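What follows is one structure encoded as structure tokens, with my remarks underneath.
The values are calculated or read from the model by the stated rules, or taken from the named source; none is laboratory data. Keep in mind that this is a model prediction, so the values were computed, not measured. Because the Cβ atoms are built from the backbone with ideal geometry, glycine has one as well, and the counts that use them run over all protein chains shown. Accessible surface areas use protein heavy atoms only, side chains included; no ligands, DNA or RNA. Shrake-Rupley method; radii C 1.70, N 1.55, O 1.52, S 1.80 Å.
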Amino acid sequence: MNDDIYSAYMEAGALAKRFREEAAAMVVPGASILELVDTIEQAILDEGAGIAFPLNISINEDAAHDTAGPGDERLFAEGDVVKVDLGVHIDGYVADTAQTVDLGDNALLVEASREALNAAIAMVRPGVTSGELGTVIQHEIEARGFRPVANLTGHGLSQYYLHGDPMIPNVAMAGGAVFEEGMVFAVEPFASSGTGVVSDGTRTLIYSQTANRGVRLASAKRVMNQIRDRRSLPFSRRWLTGDKIDLALSTLKRSGVVRGYPVLHDIPGSLVSQAEHTLIVTEDGCVATTL
């Protein structure tokens with residue numbers, strides 16, 4: 001961590017906070033999910049920043065990895081619990097942040113993930129372990145009558161790399177990574193009225209490149225050219241242009257060149273909330289870049 005890197009993280013964090021709040025303000029009954037996502041992603045680019053990952057808009061039992069698809073006609077509805085999960089990068093240094101917008105009567109569920117995050121942030125300093133954060137996150141969520149989502153975690157961040165060490169659990173565990181000054185990671189508690197375990201859904205709209213090898217299919221080559229500058233950061237199916245895109249993505253997945261991120265959901269009828277900030281560990285605590 002040097003001054004230039006720190007400044008990049010802080011600039012990304014300030015932008016991510018602003019655009020997260022702008023996106024959240026657009027979540028109203030009857031509004032278009034596609035219009036929201038297109039508007040906010042374009043605003044990030046207009047600011048001269050990079051989109052760290054497609055804007056995630058996950059609703060009700062869907063916890064993560066949902067976004068608008070091409071020609072998406074879905075609208076927000078009364079009663080929805082909407083997770084707005086947004087990432088901005090400056091020169092590859094990422095700010096990852098999320099909040100939940102409640103269009104129903106679920107204030108306690110939203111409070112559960114938010115206060116779990118606040119309690120975790122208050123604990124972060126050198127010498128504390130990631131397992132200790134999981135303990136306090138689980139306590140805050142369960143104290144409000146909900147379950148933490150056990151198989152989703154916070155994650156380390158580095159240049160052009162979104163999910164690395166340390167892993168930050170949302171449930172109690174012994175040990176874990178010991179925090180050191182200069183570490184950067186996102187803490188993201190999820191609270192659920194369901195089982196507290198998410199599984200893959202049938203819809204996949206977000207992908208990332210995992211290898212760089214030659215492909216023969218012309219449409220696959222076109223996709224490779226379009227995602228080259230992502231440097232492994234996730235991209236949206238919606239961003240790709242040309243014909244036979246789904247065939248190209250299927251081919252690239254079979255070849256191990258890209259991986260898909262299916263929408264993750266708890267059981268039907270359940271509701272999930274999320275809160276997230278990006279943290280930099282300092283000498284005596286931490287800075288929340290997106291707060």
key: Lys pairs under 17 Å by Cα in the chain, provided they are eight or more residues apart or on distinct chains   = 4
query = Shape call for segment 1-148 from the C-alpha gyration tensor, a ≥ b ≥ c root eigenvalues: rounded (a/c under 1.5), prolate (a/b greater than b/c) or oblate?
reply = oblate
query = What is the gain in length, in nm to one decimal, between TYR160 and ASP105 on full extension, counting 0.36 nm per residue of separation less the C-alpha to C-alpha distance?
reply = 16.0 nm
message = Using helices alone, I'd like the mean residue ellipticity at 222 nm for the chain: each DSSP H run of four-plus residues gives -39500 (n - 2.57), total over residue count, nearest 500.
response = -9500 deg cm²/dmol
Nearest-10 value in Å² for the accessible area of SER232, using the 1.4 Å probe = 50 Å²
message = P(r) for the chain, please, calculated from all Cα pair distances in 5 Å bins and given in %.
response = 1, 6, 13, 16, 18, 18, 14, 9, 4, 1, 0
query = Over segment 196-288, what relative contact order in percent results from Cα pairs under 8 Å that are six or more residues apart?
reply = 41 percent
remark   = Between ASP4 and MET167, the two model label points (7 Å from Cα along the beta-carbon direction) sit apart by a distance in nm of 3.4 nm
task = Taking the dipole about the Cα centre of the chain, with the C-beta of Lys and Arg at +1 and of Asp and Glu at -1, give me whichever of GLY269, PHE146, ILE121 is farthest to the positive side.
result = GLY269
task = Calculate, axis by axis, the spread of Cα positions in segment 5-72 along the three principal axes, and write the results as whole Å, longest axis first.
result = 38, 24, 21
Rg/Rg_ref, segment 33-93, where Rg_ref = 2.2 N^0.38 Å and atoms are Cα = 1.18
